[in-house]
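To start, the structure under review is shown below, and the notes come after it.
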Amino acid sequence: MSENTVREKTTENKMGIMPMPKLMLTMGLPMIVSMIVQAFYNIVDSFFVSRITDGQLENMGEYAVNALTLAFPVQLLIIAVGVGTGVGINALLSRSLGEKNFERAGKIAGNAIFIGICTYVVFLLFGIFGTQAFLKSQTSDPIALGMADEYLSICCVLSFGAVGSMIFEKLLQGTGRTVPSTIAQLAGAVTNIVLDPVLIYGLGFFPKMGIKGAAYATVIGQILTMVMGAIFHFRLNKEIPGGFGYFKPQRGIIGDIYRIGIPDIIIQALMSVMTYGLNIILGGISQSTVTAYGIYYKIQQFVFFAAFGMNNTIIPVVSFNYGKGDKKRVSQSIKYGMLYTLALMLFGLIGLQIFAEQICGVFALSAQTEKLCIYAIRIVTLGYLFAGANIAYQGIFQALDHGISSLVLSLIRLLIIPLPTAFALTYAAEEEKIVWAAVPFGELIGFIAALIIMAKINKQIKLKD
């Protein structure tokens, strides 16, 4: 049997033949678990640092949580660049395998690793030279500023684990191997959870490192995930040819990756911009409001990251079948991807509404900050179904090679509508809790725009012939 025949049988995989409801679940569940695991990195840090104590300073834990909130936009940006680049890799790799173009698939994988190295260098330089200026734009509090700088510098300088883990995750997902990538993510998350109290509080023979310990626990977990992801990729992705020749940078391949990926990078980065903007707007109300938003945002990541996991399923499945020219399966993948995403968001909405007080009570917050966090959950979750539809539509647009449409949708729901609305509400509303309404309002307007965009795309490609 020839090598090409073996590869053809290998790649005539579940994305092209398995019944769509089962396919979306079997591929989606590991990706959902993987994305939820990602959320642990930030929420676990917040849980443990909220309990940092200092005999000379009251509410030291709340200062620490505030510091993580100030640093969070950059962490989101690292994720944005890694995930956005990965989306381009994922879609391009899946399409090449669907077309049985194995040589191109090898070049895509090699150039993906090269791009990851270049991305890390950028964040390394920012970690050395840029963190102070960034943090000072959000606060003048010397305690929060100092702690945020300690945490963020470590996360940026050692960000090769975060970037690399996302690159290898997408290479595995692009071939339909979602379970190994999930195993790697789980290993990193468990490592982070175990190391957080050890390094923050100085358990056993380890020194007490405070907020620096949280940063080191995070990056060590990310590095482990990257190493395991690399091992799985090189051992399991047999249909992708390897060798040093495939690592040679090729302008055409890199251009194709970013043609698909740049809109998603911008889309993901808009979450960072939105968080940064809201930090500044909410800072005009009080630091407690900023801290409450930071805690809420990390809580909601468990729901949104689950939806992103289904989004990561939609992209390769739609792309694979779009590359094959199988319009029926493309339509089915859009239908079931949307249904499962909405189900996840509905489950999150109900759970957070019911258990808002108990969840916020887990963190060592002041009574005022905890109250503000509960308000945020109660109000923002009202837009979750619109948000779920928007997230699904973003993946659909990208998979159908309409990345700009996905970008337009994200601009509407994350920037154009919520930030001006939040700014206006801080002055127009008598109660500070009303400011949270800006977020679900942005999702509602985004949903209306998504329906219009999808109708236009469907006319162009005529999925329902």
Practice prompt. Would you check which residues across region 208-229 are closer than 17 Å to Ala64 by Cβ and either not in a loop (DSSP other than H, G, I, E, B) or not charged (D, E, K, R) (or both) and list them?
Written response: Met209, Gly210, Ile211, Lys212, Gly213, Ala214, Ala215, Tyr216, Ala217, Thr218
Discussion item. Among the numbered criteria (1) modelled with pLDDT under 85; (2) out of contact with any Gly (no Cβ under 7 Å at 6 or more places or on another chain); (3) surrounded by fewer than 21 Cβ atoms within 10 Å (Cβ to Cβ), which one does Phe232 miss?
Written reply: (1)
Discussion item. Suppose we filter Gly176, Gly204, Gly164 for residues that are touching a residue at least 60 places away in the same chain (Cβ under 8 Å), in a loop (DSSP other than H, G, I, E, B) and of a type outside the set (Phe, Trp, Tyr); which single one remains?
Written reply: Gly176
Discussion item. Cβ-Cβ distance below 7 Å, separation of 6 or more or different chains: which pairs start in region 271-294 with a residue that is closer than 17 Å to Pro418 by Cα and end on one that is part of a helix (DSSP H, G or I) and small (Gly, Ala, Ser)?
Written reply: Met271/Ala80; Ser272/Ala80; Leu278/Ala422; Ile281/Ala422; Val290/Gly283; Tyr293/Ala376
Worksheet item: In region 435-465, how many residues are at pLDDT 90 or above and of a type in the set (Asp, Glu)?
Response: 1
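Is region 154-161 home to any residue that is over 19 Å from the mean Cα position of the chain (by Cα) and over 22 Å from Gly283 (Cβ atoms)?
Of the residues in region 154-161, the ones over 19 Å from the mean Cα position of the chain (by Cα) are 154, 157.
Filter once more, so that each one left must be over 22 Å from Gly283 (Cβ atoms): 154, 157.
Checked region 154-161: at least one residue is over 19 Å from the mean Cα position of the chain (by Cα) and over 22 Å from Gly283 (Cβ atoms).
Just for region 310-325: of the residues that are at pLDDT below 85 and surrounded by 24 or more Cβ atoms within 10 Å (Cβ to Cβ), which one is nearest to Met271 (Cα to Cα)? Outline the logic, then answer.
From region 310-325, those at pLDDT below 85 are 312, 315-316, 319-325; that's our starting set.
Those left that are additionally surrounded by 24 or more Cβ atoms within 10 Å (Cβ to Cβ): 312, 315-316, 319-321.
Working: Asn312: 17, Ile315: 20, Pro316: 23, Ser319: 25, Phe320: 28, Asn321: 30 Å.
This residue is Asn312.
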Practice prompt. Determine, yes or no, whether Ile167 is on the phi < 0 side of the Ramachandran plot, touching a Lys or Arg at 6+ places or on another chain (Cβ under 7 Å) and not aromatic (Phe, Trp, Tyr).
Written response: no
Worksheet item: Given Gly243, Gly252, which one is small (Gly, Ala, Ser) and free of Cβ contacts under 8 Å to residues at least 40 places away in the same chain?
Response: Gly252
Discussion item. It is to be established whether one or more residues within region 202-221 are over 22 Å from Val44 (Cβ atoms), basic (Lys, Arg) and out of contact with any Gly (no Cβ under 8 Å at 6 or more places or on another chain).
Written reply: no
Item to complete: For region 25-64, name all the residues that are at pLDDT 80 or above and of a type in the set (Phe, Trp, Tyr).
Response: Phe47, Phe48, Tyr63
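Select from region 181-213 the residues that are in contact with a Leu (Cβ under 7 Å, 6 or more places away or on another chain), modelled with pLDDT of 90 or more and within 29 Å of Thr85 (Cβ to Cβ) and write down the one among them that is surrounded by the most Cβ atoms within 10 Å (Cβ to Cβ).
By that ranking, first place goes to Gly188.
The values are calculated or read from the model by the stated rules, or taken from the named source; none is laboratory data. The model shown is predicted, which means the values in this text are computed figures rather than measured ones. A quick note on method: Cβ atoms are made from the backbone with ideal geometry, for glycine too, and the neighbour counts reach across all protein chains shown.
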